[in-house]
1. Keeping to region 20-38, report how many residues are within 15 Å of the ligand (Cβ to nearest atom) and open to solvent by 10 Å² or more (accessible area, probe 1.4 Å).
2. Taking region 166-204 as the region of interest, how many residues are assigned to a strand (DSSP E or B), among the polar types (S, T, N, Q) and within 16 Å of the ligand (Cβ to nearest atom)?
3. Which pairs have Cβ atoms under 9 Å, sit 6 or more apart or on different chains, and link a residue in region 73-89 that is on the phi > 0 side of the Ramachandran plot to one that is modelled with pLDDT of 95 or more and basic (Lys, Arg)?
4. Which one of these is on the phi > 0 side of the Ramachandran plot, open to solvent by 10 Å² or more (accessible area, probe 1.4 Å) and within 32 Å of the chain's Cα centre (by Cα): Asp372, Asp336, Asp348?
5. Could you list, in sequence order, all residues of region 160-188 that are in contact with a strand residue (DSSP E or B) (Cβ under 8 Å, 6 or more places away or on another chain) and surrounded by 21 or more Cβ atoms within 10 Å (Cβ to Cβ)?
6. Just one of (1) within 16 Å of Asp336 (Cβ to Cβ); (2) more than 16 Å from the ligand (Cβ to nearest atom); (3) open to solvent by 10 Å² or more (accessible area, probe 1.4 Å); (4) not β-branched (Val, Ile, Thr) trips up Met1, so point out which.
7. Tell me whether region 197-206 contains one or more residues that are of a type outside the set (Ser, Thr, Tyr) and closer than 22 Å to Val98 by Cβ.
Amino acid sequence: MYTCGPTVYNFAHIGNFRAYVFQDALRRWLKYRGYQVTQVMNLTDVDDKTIRDSRKEGIPLRQFTERYAKAFFDDIATLNIERAEVYPKATEHITEMVELIKKLIQKGFAYKSGDSVYFDVTKFRGYGKLSKVKVEDLMTSVRVKVDSYARGEARDFALWKGWDEDDGDVFWETELGKGRPGWHIECSAMSTKYLGESLDIHSGGVDLIFPHHENEIAQSEAATGKRFAKYWLHCEHLMVNGQKMSKSLGNFYTLRDLLEKGYDPRAIRYILLSTHYRRPLNFTFEELEAAQRTVGRLREFVERLKPTTGGEDGDRKVSQLVRETKGRFEEAMDDDLDVNMALVAVFDFVREMNRLMTGATISEKGVQEARDLMTAFDKILGILGPSGEAAELTKEEKMLIQAREEARRKRDWKTADQIRDELRKLGLELEDTAQGVRWRRTTRQEKS
Ligand SMILES: [Zn+2]
């Protein structure tokens with residue numbers, strides 16, 4: 001499975017994370033169903049935007065992109081997103097890209113113009129099959145050197161960009177001349193390297209359909225003569241209060257913005273996950289608060305599962321309920337990842353179990369069955385913990401937080417601050433609120 005990853009030039013926003021959470025659910029579901037998953041997600045660490053913004057800040061490209069790559073990995077850990085098997089960086093695969101471009105020139109799909117190399121879209125017969133753009137409208141070849149351009153404009157796009165002044169010190173001396181790769185070629189080159197010429201699943205946000213994914217298909221299939229991807233899965237946009245998220249409207253949120261407001265990462269994960277991926281998601285703070293309550297209720301439910309006495313024999317009913325619920329959940333997820341319907345099955349289960357626990361006798365065996373079901377579901381949902389490596393506190397952290405609380409009660413601010421600093425070094429940021437102390441991860445903890 002190949003998933004287009006972040007362009008590391010700023011903090012990813014919640015719309016980006018919607019796509020990453022969806023892809024995470026997809027990989028988790030495939031694994032649940034017994035598939036072996038090899039996921040490759042690229043990091044775009046050289047393109048028009050990374051160069052533009054690193055130059056604006058006046059720092060070397062690598063230093064600039066590493067900052068945001070690190071932030072990306074911290075953020076996906078916070079959201080309990082499983083790590084992909086490979087995260088290749090564009091700058092570390094220039095050789096592979098040059099080889100691919102040479103092959104495209106040799107086969108007549110690409111041509112040099114000035115110091116740059118372009119893909120000739122009129123030469124690739126399948127161009128437009130994903131996005132439905134039309135090539136035949138082109139009277140003559142029109143070229144674009146920029147990475148992004150408007151939908152509906154089939155253009156010869158840059159595979160290799162000859163150096164110009166705007167690139168500053170970002171260039172490679174290669175057989176194609178002094179320059180840098182275009183954005184689209186990186187995904188074709190890196191997916192082939194790690195997954196072969198044909199891959200099973202390719203996914204990304206809908207905004208990538210054109211030109212990015214259309215161009216990936218053209219590059220890869222022109223070079224290999226083979227079908228590039230069997231299945232394309234595209235995740236719809238995220239809206240905020242019914243509007244497009246934008247900085248100028250003041251409704252633009254990164255994950256960090258929401259954490260600073262004190263929201264639980266699991267609730268954020270829940271809200272990003274719970275709308276079907278092919279439907280637009282309308283993000284509101286009311287919904288986020290509702291998500292927070294829902295996640296809390298589910299966690300409480302699991303904690304409350306205990307043997308009960310009195311009334312009819314409940315174990316048999318629990319078994320039956322577990323079987324039915326599992327069937328409903330699986331059927332929903334198998335149907336194009338209908339998380340929404342899967343969650344309905346979970347809520348029905350919780351309600352039914354609550355009813356049984358008040359009026360029936362349930363033994364430890366019955367309780368365990370119910371618990372196992374919730375654990376199995378959470379392998380996909382990732383909202384209950386302790387599966388969330390980012391969501392759970394270690395024993396040491398718990399003890400430190402308790403010790404700090406103790407110090408604060410005694411008004412020993414110095415010790416309290418020392419402990420806070422110590423936790424900060426462990427990558428845990430604390431915030432004291434009216435409801436008590438809240439915490440969030442700032443750096444990812446390596447699995448031991
Ligand atoms: Zn891509």
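The values are calculated or read from the model by the stated rules, or taken from the named source; none is laboratory data. Note that the structure is predicted; figures quoted are calculated from it, not measured. Cβ atoms come from the backbone with ideal geometry, glycine included; neighbour counts cover every protein chain shown. Just so you know, the surface numbers come from the protein's heavy atoms only, side chains and all, with ligands and any DNA or RNA stripped out. Shrake-Rupley method; radii C 1.70, N 1.55, O 1.52, S 1.80 Å.
1. Count: 1.
2. Counting residues in region 166-204 that are assigned to a strand (DSSP E or B), among the polar types (S, T, N, Q) and within 16 Å of the ligand (Cβ to nearest atom) gives 1.
3. Asn80/Arg269
4. Step by step, each of Asp372, Asp336, Asp348 is checked, and only Asp336 is on the phi > 0 side of the Ramachandran plot, open to solvent by 10 Å² or more (accessible area, probe 1.4 Å) and within 32 Å of the chain's Cα centre (by Cα).
5. Passing the criteria: Trp160, Lys161, Leu176, Gly179, Arg180, Pro181, Gly182, Trp183, His184, Ile185, Glu186, Cys187.
6. Status for Met1: all satisfied but (2).
7. yes
Here's the yes/no breakdown for (1) touching a residue at least 60 places away in the same chain (Cβ under 8 Å); (2) more than 13 Å from the ligand (Cβ to nearest atom); (3) hydroxyl-bearing (Ser, Thr, Tyr):
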{"residue": "Val206", "(1), (2), (3)": "no, yes, no"}
{"residue": "Ile209", "(1), (2), (3)": "yes, no, no"}
{"residue": "His213", "(1), (2), (3)": "yes, no, no"}
{"residue": "Gln219", "(1), (2), (3)": "yes, no, no"}
{"residue": "Ala223", "(1), (2), (3)": "yes, yes, no"}
{"residue": "Phe228", "(1), (2), (3)": "no, no, no"}
{"residue": "Trp232", "(1), (2), (3)": "yes, no, no"}
